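The values are calculated or read from the model by the stated rules, or taken from the named source; none is laboratory data. Quick caveat, the model's predicted, so the values are computed rather than measured. Neighbour counts run over all protein chains shown; Cβ positions are idealised from the backbone, glycine included. Quick note on the areas: whole protein, heavy atoms, side chains included, nothing else; ligands and nucleic acids left out. Shrake-Rupley method; radii C 1.70, N 1.55, O 1.52, S 1.80 Å.
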Amino acid sequence: MKTKKSSSVFFYFIKRFSLVAVLILAVSAWALLTQRTQYLNIVENHEVDLVKSNISAFNSWLESDIEYTAILGGLVEEILAGPGDFYVKRERIAELFSVFGSQCKGCVQLRYLSSQGMELVRVNIDAGRPLRVSGNYLQDKSDRPYLKEAAKLKDEVYISRFDLNMEFGKVVIPYTPVIRMIKKVHTDGMKPGYLVLNFSGDMLFKIFNEAGAESFGGLFLVNDDGGWIVGPDETYSWRFLFKPKEGLLEQEFPEVWSNIKGQNDGQFAGPDGVYTFDSLSSKSFHYVLRQDVVFSEGWKVISRVPDEALVVPRRNIMLVLLAFLIFMLGYLFWRQTSMTVASEDIRMALEDSEKRFMDVADAAGEFIWETGPDGSFVFVTGRAEDVLGYSAEELIGRSPFDFVDEESSWDVRKEFLDAAQFGHSFNGLVFKFVNRDGRKIWLEFNGVPVFDAAGVVTGFRGATSDISTQKKALQDLQDREDMLQSISDSVQDALVLMDEKGLVHFWNPAAEKIFGYRADEMLGESLQCCFFAEDNLSPDTSGDGDNYIDGLLSSYGSFTVNVRRKGGDVFPAEVLLSPLRKDEQWWVVGTFRDVTERKEAEDKLRKLATTDSLTGLSNRRFFMESAEDALERTRRYGRELSLLMMDIDYFKTVNDMYGHDAGDDVLKGLSKTGLKILRNIDVFGRIGGEEFSILLPDTGLEGATLVAERLRSEIEATKMNTRSGGLNITVSIGVATYSEQTKTLEHLLKAADIGLYAAKEAGRNQVKVQLTLDGSSEG
């Protein structure tokens with residue numbers, strides 16, 4: 001009999017559990033595969049971002065050093081072109097090097113070399129302190145490769161290869177990684193010399209090492225030939241400088257190098273892991289400077305994540321947990337199956353006690369009790385002592401009404417009397433009681449009546465729970481809600497709560513004041529009425545107005561956007577959007593602040609920085625920046641571009657005869673006259689005392705000549721109102737246009753300037769066109 005029963009349980013178990021086990025295994029296999037794919041994508045994307053971040057840091061570091069070199073080169077040229085003998089000039093250059101080097105982070109050496117490569121001035125920088133090297137220790141650098149390469153340059157900045165600092169032909173110990181910036185220094189009457197700046201790579205390598213700690217594997221830095229600059233360990237770094245054939249990536253990892261060599265960037269699976277790389281060279285170098293640059297070599301940042309790092313973390317633990325889960329499910333299924341088979345054997349034995357058990361189970365709580373006909377306790381479980389402080393023996397024979405708080409006494413008696421009179425149960429009766437220590441507590445009563453054979457109520461059975469903690473929590477929650485409401489009502493920023501569809505669910509008083517909409521107007525509505533794409537787009541762009549608010553609400557974080565009030569006024573607002581997960585739904589909490597005054601102040605500062613204070617025209621700096629931008633667009637899109645140089649004839653005479661006040665009035669009057677003639681896209685700038693320059697985008701030579709002639713004639717015909725009376729003036733104008741001979745801004749300005757002086761030489765009050773830089777022109 002027992003064998004037959006065991007066999008029945010076994011087959012019933014196999015039938016129920018096999019399908020569940022197969023399903024669990026299939027889902028687990030899919031989950032592990034998906035997790036592996038997702039983890040690999042995370043690693044690959046992380047390494048791409050990390051490599052690009054290092055390339056960007058390298059790029060920025062080079063850009064700042066190039067700018068320092070270009071600026072210092074110009075200052076050295078000014079000193080050499082200035083007064084004094086060559087000894088005085090060298091002293092001034094040394095003083096300039098000392099000041100510049102002490103302020104420039106990362107600069108470790110500044111040198112001025114003769115055209116033959118002999119050091120004339122040299123200043124070393126040690127911990128920010130300039131140390132000038134005396135003449136006895138100045139060296140001949142004519143045999144250095146970087147100097148030979150720099151000799152082939154015109155006006156570009158030459159970037160040497162990355163190597164270690166050398167003195168007297170030997171590498172300096174401890175190793176100091178340096179990169180050299182070299183620029184020719186031109187002086188009238190002399191052969192060009194060389195400005196050489198050594199920049200330490202320690203700061204760059206620090207950033208590189210910090211980023212390497214974030215990699216799943218390791219970060220390496222090599223040059224174009226694959227020479228290790230930063231290798232897998234210190235034994236690899238810089239080895240190519242001492243043993244060229246042993247210090248190359250190709251020697252250690254030939255298959256990897258074949259995939260990287262000749263490529264700018266990429267990612268691939270190598271024989272021992274995933275490789276990610278990006279390059280920095282003259283072709284990929286991004287900068288906004290006006291200085292041309294020549295690289296001696298390029299560099300590659302390489303990330304290697306070994307295969308062991310691509311294993312999903314805690315995979316073995318997951319497999320153990322999976323096995324444990326299947327085992328436990330099997331065990332539970334076996335127990336349940338055994339209990340199901342055995343339940344029929346014990347069902348009849350449980351029917352007699354089922355009703356009493358269900359009565360008590362339905363009312364189960366902190367402690368279980370029963371009262372008799374007189375309302376006193378006849379049965380109490382031991383847990384009552386934990387709640388009321390009285391033992392079960394002490395409670396027997398006493399009524400529940402003996403412990404009721406005076407405020408709740410009548411309500412408790414009424415509920416029990418009604419239940420006894422009508423014979424119904426009661427649930428969730430909450431009243432305040434007093435325990436043995438005199439502390440008031442909240443109790444919840446659940447009970448059912450007990451009937452005799454005649455159907456008369458003879459007492460109650462039930463359970464009582466202490467819910468003081470829950471009541472206090474509810475009160476605390478209400479207090480916090482009241483406090484948050486008070487804070488929300490008092491803050492000056494608009495607070496808005498939106499659901500994932502963009503509908504408003506909370507709108508504080510500050511929001512009503514800022515946007516002009518009442519809370520009852522906005523609750524359940526979209527913020528589309530306050531945000532319009534046309535308020536935030538430039539004239540030459542367009543946007544999808546219907547989807548604008550959806551795109552805006554997905555931009556978590558802080559940003560500034562133009563917002564529209566109920567009356568139609570548009571104002572700038574600083575917005576902070578934060579996601580919130582609540583009740584299985586995503587919400588957006590937004591704060592909005594009116595920053596109109598701050599924006600107006602920023603606009604005023606921007607205008608002060610870009611305009612001439614006397615005339616209101618573009619100042620020299622802004623004009624040059626605008627001209628460089630226009631020239632770049634001309635090269636990129638093949639557009640036309642012309643430039644005018646204009647100078648007031650005999651302006652010194654005006655100042656001498658009528659005073660500088662009258663001269664200032666003439667400059668203002670000329671500016672107003674010119675602005676009436678020019679287009680909005682033209683850039684009209686004052687670049688000197690009485691010298692003006694005008695940039696004409698999308699304008700060829702013929703159109704530029706017509707504009708220049710119209711300016712000249714209009715200014716000649718206009719009487720300038722000054723504090724000394726009306727004055728008539730004339731101007732001379734030089735015209736130049738973008739061509740093969742005038743590809744740079746320097747050449748374009750020079751050509752227009754030549755044309756200007758040609759107009760003055762021809763008698764002034766004329767327009768002259770200058771096509772080249774060799775003096776050939778046409779009237």
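Does D272 satisfy being at pLDDT below 90, over 26 Å from the mean Cα position of the chain (by Cα), surrounded by fewer than 16 Cβ atoms within 10 Å (Cβ to Cβ) and within 30 Å of D629 (Cβ to Cβ)?
no
For every residue, the table says whether it meets (1) farther than 30 Å from H46 by Cβ; (2) among the charged types (D, E, K, R).
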| residue | (1), (2) |
| --- | --- |
| D140 | yes, yes |
| K152 | yes, yes |
| F162 | no, no |
| V171 | yes, no |
| V178 | yes, no |
| K183 | yes, yes |
| M190 | yes, no |
| F208 | no, no |
| F216 | no, no |
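For every residue, the table says whether it meets (1) of a type in the set (D, E); (2) exposed (fewer than 15 other Cβ atoms within 10 Å of the Cβ).
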| residue | (1), (2) |
| --- | --- |
| E63 | yes, no |
| L72 | no, no |
| E77 | yes, no |
| G82 | no, yes |
| R92 | no, no |
| S98 | no, no |
| K105 | no, yes |
| R111 | no, no |
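Mind checking which residues of the stretch 514-532 are open to solvent by 70 Å² or more (accessible area, probe 1.4 Å) and within 11 Å of K566 (Cβ to Cβ)? Before the answer, list the steps.
From the stretch 514-532, those open to solvent by 70 Å² or more (accessible area, probe 1.4 Å) are 518, 520, 523, 525; that's our starting set.
R518 - this is the single residue of the stretch 514-532 that is open to solvent by 70 Å² or more (accessible area, probe 1.4 Å) and within 11 Å of K566 (Cβ to Cβ).
Give the stretch 155-172 a look and list any residue that's assigned to a loop (DSSP other than H, G, I, E, B) and either within 18 Å of L72 (Cβ to Cβ) or among the β-branched types (V, I, T) (or both), or say none. Full working, then the answer.
Here is the first cut: in the stretch 155-172, the ones assigned to a loop (DSSP other than H, G, I, E, B) are 155-156, 160-162, 165, 168-169, 172.
D155, E156, S160, V172, listed by residue number.
Considering only residues of the stretch 125-175 that are hydroxyl-bearing (S, T, Y) and crowded, with 17+ Cβ neighbours inside 10 Å, which is farthest from I71 (Cα to Cα)? Before the answer, list the steps.
Our first condition is that a residue be hydroxyl-bearing (S, T, Y); within the stretch 125-175, this holds for 134, 137, 142, 146, 158, 160, 175.
Filter once more, so that each one left must be crowded, with 17+ Cβ neighbours inside 10 Å: 146, 158, 160.
On the way: Y146: 21, Y158: 14, S160: 18 Å.
Only one residue tops the list, namely Y146.
Name every residue in the stretch 234-260 that is under 35 Å from the mean Cα position of the chain (by Cα) and among the aliphatic types (A, V, I, L, M), in order of residue number.
L249, V256, I260
Please go through the stretch 612-645 and pick out each residue that is within 11 Å of F692 (Cα to Cα) and of a type in the set (F, W, Y).
F623
Pick out the one residue from A342, A323 that is among the hydrophobic types (A, V, I, L, M, F, W, C), farther than 29 Å from D49 by Cα and at pLDDT 80 or above.
On the way: A342 fails: at pLDDT 80 or above.
Answer to the selection: A323.
Taking the stretch 376-391 only, how many residues are in contact with a Gly (Cβ under 8 Å, 6 or more places away or on another chain), open to solvent by 20 Å² or more (accessible area, probe 1.4 Å) and within 23 Å of P449 (Cβ to Cβ)? Outline the logic, then answer.
Keep residues of the stretch 376-391 that are in contact with a Gly (Cβ under 8 Å, 6 or more places away or on another chain), which gives 376-378, 391.
This time we only want the ones that are open to solvent by 20 Å² or more (accessible area, probe 1.4 Å), so: 378, 391.
Narrowing the set further to residues that are within 23 Å of P449 (Cβ to Cβ) leaves 378.
Within the stretch 376-391, residues that are in contact with a Gly (Cβ under 8 Å, 6 or more places away or on another chain), open to solvent by 20 Å² or more (accessible area, probe 1.4 Å) and within 23 Å of P449 (Cβ to Cβ) number 1.
Kindly list the number of the only condition in (1) part of a strand (DSSP E or B); (2) out of contact with any Phe, Trp or Tyr (no Cβ under 9 Å at 6 or more places or on another chain); (3) open to solvent by less than 20 Å² (accessible area, probe 1.4 Å) that fails for N721.
Going through the list (1) part of a strand (DSSP E or B); (2) out of contact with any Phe, Trp or Tyr (no Cβ under 9 Å at 6 or more places or on another chain); (3) open to solvent by less than 20 Å² (accessible area, probe 1.4 Å), N721 breaks only (3).
Give the residue that is farthest from the chain's Cα centre (by Cα), with candidates limited to residues of the stretch 637-662 that are in contact (Cβ under 8 Å) with a residue 24 or more places away in the chain and part of a helix (DSSP H, G or I). Steps first, answer last, please.
Just the residues of the stretch 637-662 that are in contact (Cβ under 8 Å) with a residue 24 or more places away in the chain, to begin with: 639-651, 654, 658-659, 661-662.
Filter again for part of a helix (DSSP H, G or I), leaving 651, 654, 658, 661-662.
Working: F651: 52, V654: 55, Y658: 58, D661: 51, A662: 52 Å.
Residue satisfying both the conditions and the ranking: Y658.
Identify, from the list E67, E77, the residue that is in a helix (DSSP H, G or I), more than 30 Å from S279 (Cβ to Cβ) and in contact (Cβ under 8 Å) with a residue 24 or more places away in the chain. Before you say what the answer is, go through the steps one by one.
Working: E67 fails: more than 30 Å from S279 (Cβ to Cβ).
Just one listed residue meets the conditions, E77.
For residues that are touching an Asp or Glu at 6+ places or on another chain (Cβ under 7 Å) and over 19 Å from A630 (Cβ atoms), scanning just the stretch 730-759, find the one that is surrounded by the fewest Cβ atoms within 10 Å (Cβ to Cβ).
For the stretch 730-759, the residue satisfying everything is T730.
Among (1) in contact (Cβ under 8 Å) with a residue 24 or more places away in the chain; (2) on the phi > 0 side of the Ramachandran plot, there is one condition G189 misses while meeting the rest; what is its number?
G189 satisfies every listed condition except (1).
Pairs under 9 Å by beta carbon, first residue touching a residue at least 12 places away in the same chain (Cβ under 8 Å) in the stretch 434-447, partner hydroxyl-bearing (S, T, Y) and part of a loop (DSSP other than H, G, I, E, B), six or more apart or different chains?
That search, which allows pairs on different chains as well, returns N435/Y390; R436/Y390; N446/S425; G447/S425.
Go through the residues of the stretch 681-701 one by one and say whether even a single one is open to solvent by less than 80 Å² (accessible area, probe 1.4 Å), part of a strand (DSSP E or B) and of a type in the set (D, E, K, R).
Yes, some residue in the stretch 681-701 is open to solvent by less than 80 Å² (accessible area, probe 1.4 Å), part of a strand (DSSP E or B) and of a type in the set (D, E, K, R).
Out of the stretch 392-431, which residues are in a helix (DSSP H, G or I), open to solvent by 30 Å² or more (accessible area, probe 1.4 Å) and touching an Asp or Glu at 6+ places or on another chain (Cβ under 9 Å)?
Scanning the stretch 392-431 gives a single hit, E394.
Each row is one residue, and each column tells you yes or no for (1) farther than 17 Å from L164 by Cα; (2) open to solvent by 20 Å² or more (accessible area, probe 1.4 Å).
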position: D202; (1), (2): no, yes
position: E210; (1), (2): yes, yes
position: S215; (1), (2): yes, no
position: V222; (1), (2): no, no
position: E234; (1), (2): no, yes
position: R239; (1), (2): no, yes
position: F242; (1), (2): no, yes
position: K245; (1), (2): yes, yes
position: L248; (1), (2): no, yes
